[in-house]
1. Sort 170-181, 71-82 by the packing proxy (mean of other Cβ within 10 Å over each peptide's residues), most packed first.
2. Which whole-number percent is the relative contact order of the chain (Cα, under 8 Å, 6+ apart)?
3. Rolling a 1.4 angstrom probe over the protein chains, ignoring ligands and nucleic acids, what is the accessible area of Trp185 in square angstrom, nearest 10?
4. Given points 7 Å out from each Cα along the Cα-Cβ axis, report the Asp204 to Ser121 separation in nanometres with one decimal.
5. Once the chain is represented by equal point scatterers at the alpha-carbon sites, with solvent omitted, what log10 I(q)/I(0) does the Debye formula produce at q = 0.08, 0.13, 0.17 Å⁻¹?
6. Roll a 1.4 angstrom probe over the protein heavy atoms and tell me the percent of accessible area of the chain that is carbon or sulfur.
7. From Cα coordinates alone, what are the radius of gyration and Dmax values for region 42-94 in angstrom?
8. Net charge near Gly140: determine it from the other residues with C-beta under 9 Å of the C-beta of Gly140, scoring Lys and Arg +1 and Asp and Glu -1.
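The values are calculated or read from the model by the stated rules, or taken from the named source; none is laboratory data. What you are looking at is a predicted structure, and each value in this text was computed from that prediction instead of being measured. Here the Cβ positions follow ideal geometry from the backbone for every residue, glycine too, while neighbour counts run over all protein chains shown. Side chains included, ligands, DNA and RNA excluded: accessible areas come from the protein's heavy atoms. Shrake-Rupley method; radii C 1.70, N 1.55, O 1.52, S 1.80 Å.
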Amino acid sequence: MTVATVLVSTAATADAAWDHPVATWNMNEWSGARTMMDSSGNGHDGRIGSEVRTGTYVNGATGYRFDRLEPDTPPTHPGHLVTVSDSSDLDPGTRDYTVTIRLRTTHKFGNIIQKGQATVSGGNFKLQIPNGIVECLYRGSSKSLLVRTPRRLNDGNWHTVSCTRTGSGVSLTVDGSTVARRSGWTGRISNSWPVTIGGKTSCDQVDVGCDYYAGDLDYVEIEAD
């Protein structure tokens, strides 16, 4: 993670009155690494799939590269994912909760990070990038709230995106500026699924698409109050 990344990430979370990392994945491991290290001290290391290209340097940052795969076309590619084992610590629960990512892509499809899927018990959250627009969804026991960027971010530049769920709603920031808000309370979000980066786990590319992300990721952090 670059110095610029730290500055932007700090600005992106300035709306929150708390700063308690649950997991910090700097994604600066060497080429060929198969463990994504959690530098928060909470031990949420991840398993890097064999198709994820680590140690990729582009536009001033070192991160992970996820190559493009044809949507909804078998076979599945579990090696395209980074997977972090389930932990209640990683669930939003009823806490204020923020997911921050730094991404760079020229593509326009895929799930970037998620915990749970659309129909699972306990709710879910995810960030995705349909048509180059980053969307963030929190689905809880009371309702679902989705916010999206007003412009496409698949311009080949690095962008830092933070999505925060609080008791009053969900907000989205891009490169330090708040770009979207929705009011409401999602309710509790707590499931038994792993965190996945780069797409879905339980999918077959026929009835359930795996929604594989294509692009680069430099940094992912989860914070909670």
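1. Per-residue Cβ counts within 10 Å, averaged per peptide and sorted highest first, yield 170-181, 71-82.
2. Taking the mean separation of contacting Cα pairs over the length of the chain, I get 30 percent.
3. Here the accessible area works out near 90 Å².
4. Label at Asp204, label at Ser121, 2.2 nm between them.
5. For the chain at q = 0.08, 0.13, 0.17 Å⁻¹, log10 I(q)/I(0) is -0.24, -0.67, -1.26.
6. C and S fraction of accessible area: 47 percent.
7. For region 42-94, the Cα-based Rg and Dmax read 14.4, 38 Å.
8. +4
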